Amino acid sequence: MNKEIKLSVNNLKVSFRTDGGKVQAVRDISFDLYKGETLAIVGESGSGKSVTSKAIMGISAGNSIYEGGEILYDGQDLIRIPEEEMHKLRGDKIAMIFQDPLSALNPIMRIGKQITEAMLLKNKANRKEGRETFNKTLAELSDMMKKALAENPSAGFSAADVDKYIKTFDGFNIQAIKLENSYNESRTATEEMMAVIEDVLFLSENKQKVDVVAKLSLIKRKLKDINDKYFTSNYGETLKAHAVSLDSCMRAERKKVGVMESAKKLAGGNASKNETSTETVAALEELKKTAKEMLEQTPYNFFRIGYYVYKNPNADLSKMSADEANEMALQFLNENFMNSFIALEKIAVQYSFKNTLANKKDAIAALENAINFFKAGNFSEKDADAACKSVNKSVLAAIDPLAVIKDNIAYTFGGALEREVEKYFFILKNNPKEEERFKRQTAKREALLAKGKTVDWEVIPMSIIEPEVQIETMVSVLNRVMDKFNADVAAAESFDAEKRCLEIIDFLKEKAAQVVYKLTKYIAKERAIKLMEEVGIPEARMRYRQYPFEFSGGMRQRIVIAIALSANPDILICDEPTTALDVTIQAQILELINRLKKERNLSIIFITHDLGVVANMADRIAVMYAGKIVEYGTAEEVFYNPQHPYTWALLSSMPDLDTNEKLDAIPGTPPNMIYPPVGDAFAERNKYALEIDFEMQPPMYEVSPTHFAATWLLHPNAPKVELPKIITERIKRMKERGGNHGEE
Amino acid sequence: MEKNNEVLLKVDHLCQYFRLGHKDMKAVDDVSFEIHKGESFGLVGESGCGKTTTGRSIIKLYDITSGNIYFKGQRIGAGTRSYKDAITAARADAAKKIKLLNTEKKAGYQEEIKKVQEERDAVIAQNRALIRDAKSDSKEVDKQYQESLLKDLETEYAEKFKAAGADSVKLAALKKEYRTRCRVAKKSKLITQIQMIFQDPIASLDPRMTVRDIIAEGLVINGITDKDYINEKVYEILETVGLVREHADRYPHEFSGGQRQRIGIARAIVMQPEMIIADEPISALDVSIQAQVINLLNELRESLGLTIMFIAHDLSVVKYFSDRIGVMYFGKMVELADSDELFKNPLHPYTKSLLSAIPLPDPVYEKQRTRIHYNPIAEHDYSVDKPSFREITPGHFVQCNDAEEEKYRKQIK
């Protein structure tokens, strides 16, 4: 299977500090999540399912300790990156749907506002960030060009040239932004006008009364705002005609209102709300048609046109069709500017790459030193700090400033290492105290026992992390960067400067576009309504203005899904999303999630304890018990060929439609994770447990390349155990049903 | 389990409306069914369809709007709304007729008016009598039950007294026992023969009471004062539901979810009821514990001969647990049949849609399962021919009108 890995969890260990001691909630779990697949995590409550998902989201409780392991997403270790970096991922790239939709929504905010809130805030932040990055990158580029030229004077460019080129680039980009801004403003006005028209048409269709005059004057104002010459190039006359017809409509409506008012004044009512007349509806329909056409026309490429206009301020390309103008401007741009700009850029890129390559080699040496330093142990806090700082400095120097696709590992390295070192000294300071307390308590208990008294309390175990383990973690952080740099150095041969140049220009363009792209409330509303329709909410336009309590459970869950999807995430974590819902609604929500997964190519982590739901959703399944994954495989493998006794117990404890015999309930309760069992955690409740199960933890045995189970029963020397009858029979039935499913 | 045809509970045209502003919210609308002794009756439907309301109306947690509930042949609940409606309708009808007659002024219209008035008065009197009956029934039912209990006690102890003969010490003890039991009998109510298990084991147990207090509360209310007897009873019940004696002095928060639900069950069966209404007893529990509770309920049903009304929305559990199943949709019972029959031959389109939504632990089957959508407006045309609850084959009832009845009959053959 050669699938792209989106998220990978390796040897994750999470514990919670409590009064009673350290609760080991997740003990050493690893799994990968592929793009476009659903991974289901199954287990009873307290098995660590939710803790895992919260660790991925970075929303673990305050008393949690990450004892080791890593969660890799896009090259970054999610449990070690700073909160600001995590903030960029959370919700944007990784979204989560919670179990109870009512508590996930704000009860005193309208649904619409809750969906659009994040969109609007993110847009504002994006624009600011875009402007800053654009300026910074351009400054760096100019800096690098000058440095490169100073070293290589025979390149055919002078420092003055650089200034000129950068100034031109900046200047025509500003020109392009201006043009595009004005274009987009008209476009926005058109979209907003569409939104208002949709509102009026929707209300009049449902025979509801509207304040028509006010709405018409709003539409007229918006119509006036559509004045960009590029945007309206082919529609000038049509728009004028529309304005005229709107005027006449308005007069008619006003008259009607006037008549009604005088009639109503006697009755003491308010007459401004009225049913829309058919003429107005027709005029609005026409206007809507035109607006739609305008929105669908081929856009101008303002990056190219910007340069043309920058050079010829009096030129007007709006007379040409978009295609022609784009073509002509491109030629002009390439001949006069771009070709030589790229040549200059190439020199800078090559220079910077060569520099960083040398720096990288230095950094690798520094990293090696640091690894040896930490591995040796026995270092003082001051030394460790200095070592951290120096290695971080050389790593940062090795980041190519012109590499627009940021090297996340190196970028977040410094903070991660510092935090780990801090933790190491914290451990050194606190562990002796813990040990002392533990000794004291044990001695007291033993003294009491020796006196023959009954002791009804247990010694609180040490909540200790071994310093050696912590050093290993630190070394692994260093190693990851070193591996990355080594790979980079090895790949230096195939570096393509041309490609990097185009990347930089594209990046600058993208940032400039980010500045221009403005999301107004009206547009956000339209987008939210589209999203609500996508998740299957009928009459979204009306529902938009309602409060959460006006929705049923299933509808609320749909809203939560819509909010999660509004940022277009890569990964969706569903924490028991249907447990609070009943069968029919549950089926609907599951279908919805499945459909969205297919449409948007989402990767989903689906947490549940309902095996029926898992069968429907999952591509692969991980069965968790007491903080460990006990079985891991594709859905077919886990359901048709289960290997772990706990999976058997889960399967046989729920009836299906043909079950008549007594259910095999799992006796007892899950173990207390303050005192985790030495052997297999499930051994105590397991009727198939072997002696070794109580003494040693079973390793993961491979059943097939995709199917693993941690049970001693798979050991070659283990006695053969028959599956419980209830499961073998069910599998037989399922196979029969699978064979002739045509009848179903 | 052999079939027992003795009807234990009969629900007859039960309506439960709630006031919602100026309108009525019809939570349960004209539902009728019977539960036989010793069987397990499942009630399914989506949330908000009135399953729980039906259960609560039976146990008289609500005053029912109209309809009758019979338990062991005695009417324990009766609503008066339908009779009041009949009176209002009769009055309005008569007023209309009189007005018409008055305007037309045909020959002998005075007599006609008199006749109409007489008819009206007869209807009103009849319905008033019914209302009086209903009211007195719900009051008298406990009195009658107490009297019958006392009578039983009297005959029982008359023999014992005779056997004791001249032994004055024994006689005195017997007399004392007789007096206490009479006092208990005078306080007992028929409705205590039906007990309820609630959905949420956390919310339904008082956090400030020990398990002993919780279980014994019903006994204390019933007038039992003998501490030793109560303790004995509590321990016995705890062991029946799979807990141990030591648990009696703990508080609910010290227990896991499954154990809490066991306490809820213990509280219900300590009153030695004949019938238990289990309102989604497992939906708030964890997977592994669900099976424990289902097995426990099944054991209790066999050992104590309980009749259980099982309300749930998990269809595979209901199928496993119940002998007969009623399907509810928006306050109406749409289908009622033996559980095997219902799953083999679902007739009503809503039932079909519900059955098609059950998730099964079978990935191949699950991935090709198609859900049937139910749209009541498209499915039924009730504009002319109103539907009613009809028996298609023996024991299989469906809500349908004439055309549909014919269609269903053909389908089942």
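Bear in mind that the values in this text are calculations on the coordinates, not laboratory data. Bear in mind the structure is a predicted one, so any value in this text is a computation, not a measurement. All Cβ positions, glycine included, derive from the backbone under ideal geometry; neighbour counts span all protein chains shown.
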Using a Gaussian network for chain B with springs between C-alpha atoms less than 10 Å apart, which of these wobbles most: B:VAL141, B:VAL116, B:VAL318?
B:VAL116
Just going by the charge dipole of the protein assembly as shown, with Lys and Arg at +1 and Asp and Glu at -1 on Cβ, which of A:VAL259, A:PRO698, A:LEU428 is farthest out on the positive end?
A:VAL259
Can you tell me the 0 to 90 degree angle between the C-alpha axis of helix A:278-296 and the longest principal axis of chain A, rounded to 10?
70
For the protein assembly as shown, share of DSSP beta bridges that run antiparallel, in % to the nearest 5:
65
The FRET efficiency for A:LYS382 and A:ILE464, from their Cβ-Cβ distance with R0 = 30 Å and rounded to 0.05, is 0.75
Each label sits 7 Å from Cα toward the beta-carbon; between A:LYS88 and A:LYS136 the label points are separated, in nm, by 0.8
Rounded to the nearest 20 debye, what is the charge dipole size of region B:276-413 about its Cα centre when +1 sits on each Lys and Arg Cβ and -1 on each Asp and Glu Cβ?
360
How do A:539-551, B:50-62, A:661-673, A:492-504 rank on mean C-beta neighbours within 10 Å, highest first?
B:50-62, A:661-673, A:539-551, A:492-504
Could you list which residues have their amide H under 5 Å from that of B:HIS396, counting only those 5 or more apart in sequence or on another chain, with H placed in the peptide plane?
none
Relative to 2.2 N^0.38 Å, what does the C-alpha radius of gyration of region A:436-550 come to as a ratio? Two decimals please.
2.38
Ellipticity estimate at 222 nm from DSSP helix runs (n ≥ 4, -39,500 (n - 2.57)) divided over chain A, nearest 500:
-19000 deg cm²/dmol
Give me the percent relative contact order of region A:1-108, please, defined on Cα pairs under 8 angstrom at least 6 residues apart.
29
Tell me, what HN-Hα J-couplings in whole Hz come from the Karplus equation 6.51 cos²θ - 1.76 cosθ + 1.60 at θ = phi - 60° for each residue of region A:244-250, using x for Gly and Pro?
5, 5, 5, 4, 5, 4, 5
Please identify the trypsin sites (Lys or Arg not before Pro) of region B:174-238 that satisfy two criteria: DSSP loop assignment and at most 14 other Cβ atoms within 10 Å. Which are they?
B:ARG208
Label-to-label distance, nm, for residues given as A:ALA61 and B:GLU406 (7 Å Cα→Cβ offset)
6.6
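Mind checking the dipole of chain A: about its Cα centre, +1 per Lys or Arg Cβ, -1 per Asp or Glu Cβ, Debye to the nearest 20? Write down the numbers at each step before the final one.
Values: 101 positive and 108 negative charges, 547 e Å.
Approximately 2620 debye in magnitude.
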If you fit an axis through the alpha-carbon atoms of helix A:212-225 and take the longest principal axis of the Cα set of chain A, what angle between them do you get, 0 to 90°, nearest 10?
80
Karplus ³J(HN,Hα) for region A:629-640 (6.51 cos²θ - 1.76 cosθ + 1.60, θ = phi - 60°; Hz, whole; x = Gly/Pro) runs 7, 9, 8, 8, x, 6, 4, 4, 5, 5, 7, 9
For chain B, calculate the relative contact order in percent as a whole number, restricting contacts to Cα pairs under 8 Å that are 6 or more residues apart.
18
What does the helix-only formula give at 222 nm for chain B: each DSSP H stretch with n ≥ 4 adding -39500 (n - 2.57), the total divided by the residues, and the result rounded to the nearest 500 deg cm²/dmol?
-16000 deg cm²/dmol
Net length gained if the chain between B:LYS105 and B:GLN368 were fully extended (0.36 nm per residue, minus Cα distance):
87.3 nm
Under 20 Å from a point 7 Å along the Cα-to-Cβ line of B:LYS135: which residues of region B:64-97 have their amide N that close?
B:64-69, B:75-91
Computed ³J(HN,Hα) along region A:128-133: with the Karplus parameters 6.51/-1.76/1.60, θ = phi - 60°, integer Hz and x for glycine or proline, the list is 4, 5, x, 4, 4, 5
Report the calculated FRET efficiency for A:LYS598 and A:GLU550 (r = Cβ-Cβ distance, R0 = 30 Å), to the nearest 0.05.
0.50
With a cut-off of 20 Å, note down the residues of region A:13-29 whose backbone N falls inside the zone around a label point 7 Å from the Cα of B:SER256 toward its beta carbon.
A:16, A:20-27
Could you tell me which of B:LEU153, B:LEU171, B:ALA185 has its Cα farthest along the dipole of region B:142-186 towards the positive end, charges placed at Cβ (Lys, Arg +1; Asp, Glu -1), taken about the Cα centre?
B:LEU171
How crowded by other chains is A:655-665, given as the mean number of beta carbons from other chains within 10 Å of each beta carbon?
6
Considering only the other residues whose Cβ falls under 11 Å of the Cβ of B:LEU8, what net charge follows from Lys and Arg at +1 and Asp and Glu at -1?
-1
To the nearest 20 Debye, how big is the dipole of region A:425-524 about its Cα centre, given +1 on the beta carbon of each Lys and Arg and -1 on that of each Asp and Glu?
820
Given charges at Cβ of Lys, Arg, Asp, Glu: region A:17-151 dipole, positive-most of A:TYR73, A:PRO101, A:ALA125:
A:ALA125
Helix A:553-565 sits at what angle to the longest principal axis of chain A, using alpha carbons and giving 0 to 90 degrees rounded to 10?
80
Let me confirm one metric for peptide B:248-257, namely the mean number of other chain beta-carbon atoms within 10 Å of its residues' beta-carbons.
1
Tell me the label-point distance for the pair A:LYS124, A:LYS375, using the 7 Å Cα-to-Cβ offset, in nm and rounded to one decimal.
5.2
